[in-house]
Amino acid sequence: MNNPSISIDIIIVNYNSTDYLIRCIESIYRSSGGGFAEIFVEDNASIDNVERVKERFPEVHLHINSKNIGFGAATNRAIGKGKNPYIVLINPDSKVESGLLDNAVQYLAANPDIGILGPRILDNDGAIQESARSFPTPLTALFGRQSLFSRLFPHNSITRANLLAHQSDGKTPMAVDWVSGACMLIRRRAIKDIGLLDERFFMYWEDADWCLRMWKKGWKVVYFPRTKIFHYVGKSSSKLLVRSIFEFHKSVYLFFNKYYNKSFRWLKPLILFGLFFRFCFVITSSKINEIILTRQVTRRTISKNRGKIQAPQKPISVMRIIARLNIGGPAIHVHLLNAKLNPARFKSLLVTGRISPLEGDMNYLFSAGEPEPIRIPELQREISLVMDIQAFFRIFAILKAKMPDIVHTHTAKAGFSARFAVIIYNLIYGRHVKLVHTFHGNVFEGYFDRFSSYSFILIEKIIARFTDIIIAISDSQRSDLIHRYKIAPARKLRTIRLGFDLLPFLNSGELKGKFRRLINVDTETVIIGIVGRLVAIKDHRMFLDAARVLMNQNTGMKVRFVVVGDGELRKELESYSRQIGLEKYVTFCGWIRNIPMVYADLDVLALTSKNEGTPVSIIEAMATGVPVIATNVGGVQDLLGRIDSPDDGLPFSYCERGVICKKNDAEGFAMGVASIIRKSGADPAKREGSEADITEMMKKSREFVVREYAQDRLIADIESLYDELMAQPGRDLFHLKNISGAARHIE
């Protein structure tokens, strides 16, 4: 650093490209005559003997990181070690041509308003790489440097507007939006002004981000075609192709999220899906040739083994995947299937994610003798591109290790990530793992805004094309999926109702009185309960509004409203309860593990949801003998049966097995609750009509759930479905053989 002729710090970030790195350093010394530059090599834990660099070039500053910290972080470390006024970033798989350093530095020195200078970059065959570009737009995905459209129509106006190197005359410097980080010269003073590289970009797009920040601070970015380097594209990233493709798409999303203003936030679900779909396509297309070869080998092997004695049939391997085991019907359902399928015929494995902090955890279902689920922390309720793609890779790795025959997904998030993983796994390895997905509810209504809901419907339609069987848990839900949302044709949709161990609820009479004592309520007080997560879709606010109406219209009634469950809205709902004067009459119980004890003392079970699949709380209440009132959503009508009195002018209707109301109608709901209380005799002072009517309704309810929702029926239905699936021949996925290797270059 004491040599006065040195004015440049050259930074090279290396990862398992040491052979190329050595040749790169040799070209730097040849082009500069030796003492013109100080070279810093930051190595990200390579395993190809990077120490050779120090043996060959003792003057080079080599630092080996203990792990791969990414391009941005490694570059920033090296920048902090140097002091020269100009910095060159260059990839190890590059060859520097004579004149690059002195000509570029002279031009920078003569133009103090330039922050970054990018040379002309050539492929090893001399073709110009599009290293000068416009800032990305949504069209960049379709008309980028290596996109299919740009390859098929290289001279189209959109691509030419995005890729600027070909607009150069080969001599004149020109201002551009950004230049490739494969080689760029940067003024150290500009870095001090705008800051170091954003280390959130592990690799890719950090160069575009840096250039945009330069322009925002008043520094120019210039393409300088008078000097050139040769760049052998992707020699570092190709060592871990899947990781590099993942990081590319992750960085695209980070760039979008960082710079596009709030008016574009409505595009977020579409951007997420588009990037994920592109990511899957790029990986798939890069493996097509391997698939074709694998199939040829497989055919030859099958041909040789024809006629040989078959080995004894192994159990069918079933991998079941659910986003999280939070309290609710889906968790109970998957545990039952995992534990009760015939072990002589089915080998079951459960994969699950992470519950949110405020959700109740049902991992207690797994007793000491049962195998623990495989847990993927990245698989969670919230939408996050980074976490969702990490979950995809974790699921993909489990598929490779376990090689299941059937993957059965439950809930929307697991259905998205896991089914995509299976689709790509089948394509890459030439297998046909059977895909089954169960809709326990849906996210098409009541969860998101209109555009997001439409995006999710579109995503489901695409994934459904690759799904062998889609299970609806009620006839109403199946009809909606086929006719209302048009997710898949009828031939793919099956109705298989949920199944439960109902004995604790059928025998809950012995628990009567315990819950009343727990909440300090006497036997003369009517208890109206709602059971479920405290989230917006369950509409507990309507339950509280109905409670207020009921209290105002029945001032003499002794009543307690109990909210069993927990969730993100608990504090808000407790505050609202106080605000409308119900704090003395409403008890928030949180989650209660001994839920049959609760039902044993309920006089009415309420459900006020805006959207449902098959509500488990209704099934549990019916098995216990508790009258039910619910909003008419999802599969509620299937549970409560036909309407007995449709034309009596009331805002509620008596069904075969309960009372049904419109959603968002607190007054009608309150009137329905009051009617149940009067008819059932729960409040002797307000008794009206025949108590025998309610008793008969409850008898029908118990008989119905025992017949339709017992666990033995569910197990038999699922085992029959799996047998049917395994008897079907696999689809030929090799019709994609004509797709070329579109992933050879990522950028």
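Just so you know, all these numbers are worked out from the coordinates, no wet-lab data involved. All values derive from a computational prediction rather than experimental measurement. Every residue, glycine among them, receives a Cβ derived from its backbone with ideal geometry; neighbour counts consider all protein chains shown.
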Inset, instruction - Step through the residues of the stretch 432-440 one at a time and calculate ³J(HN,Hα) from phi using the Karplus curve (6.51 cos²θ - 1.76 cosθ + 1.60, θ = phi - 60°), rounding each to whole Hz and writing x for Gly and Pro. - result: 9, 5, 6, 10, 10, 10, 9, 7, 7
Inset, instruction - Run a plain Debye calculation on the stretch 339-467 (Cα atoms as equal point scatterers, no solvent) and give log10 I(q)/I(0) at q = 0.11 Å⁻¹, rounded to two decimals, same order as the q list. - result: -0.43
Legend entry - Sorted largest first, extent of the stretch 504-708 alpha carbons per principal axis (Å): 39, 38, 37
Inset, instruction - Would you mind telling me the antiparallel percentage of the DSSP bridges in the stretch 316-495, rounded to 5? - result: 5
Legend entry - DSSP bridge orientation in the stretch 8-236 - percent antiparallel, rounded to nearest 5: 40
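For ARG642, what charge total do you get from the other residues with a beta carbon under 13 Å from its beta carbon, if Lys and Arg give +1 and Asp and Glu give -1?
Result for the local shell: -2.
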Inset, instruction - Please state, as a whole number in µm²/s, the translational diffusion coefficient that the Stokes-Einstein equation yields for the stretch 312-353 at 10 °C and 1.306 mPa s, with Rh defined as the Kirkwood radius across alpha carbon pairs. - result: 145
Inset, instruction - Compute the signed sum of charges (Lys and Arg +1, Asp and Glu -1) over the other residues within less than 14 Å, Cβ to Cβ, of LYS413. - result: 0
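Of all alpha-carbon pairs in the stretch 8-236, indicate the percentage at a distance above 31 angstrom.
Working: 4389 of 26106 pairs.
Pairs farther apart than 31 Å: 17 percent.
Ordered by packing density, taken as the mean number of other Cβ atoms within 10 Å over each peptide's residues, highest first, how do 7-18, 122-133, 53-64 rank? Don't skip to the answer; put the middle values down first.
Details: 7-18: 24.1, 122-133: 16.5, 53-64: 14.6.
So the peptides 7-18, 122-133, 53-64, ranked by packing, come out 7-18, 122-133, 53-64.
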Legend entry - Cross-link pairs LYS512/LYS558; LYS217/LYS258; LYS83/LYS250; LYS340/LYS514 - those with Cα-Cα distance over 21 Å: LYS83/LYS250; LYS340/LYS514
Inset, instruction - Order by neighbour count: ILE28, ILE660, ILE595, fewest other Cβ atoms within 10 Å first, most last. - result: ILE595, ILE660, ILE28
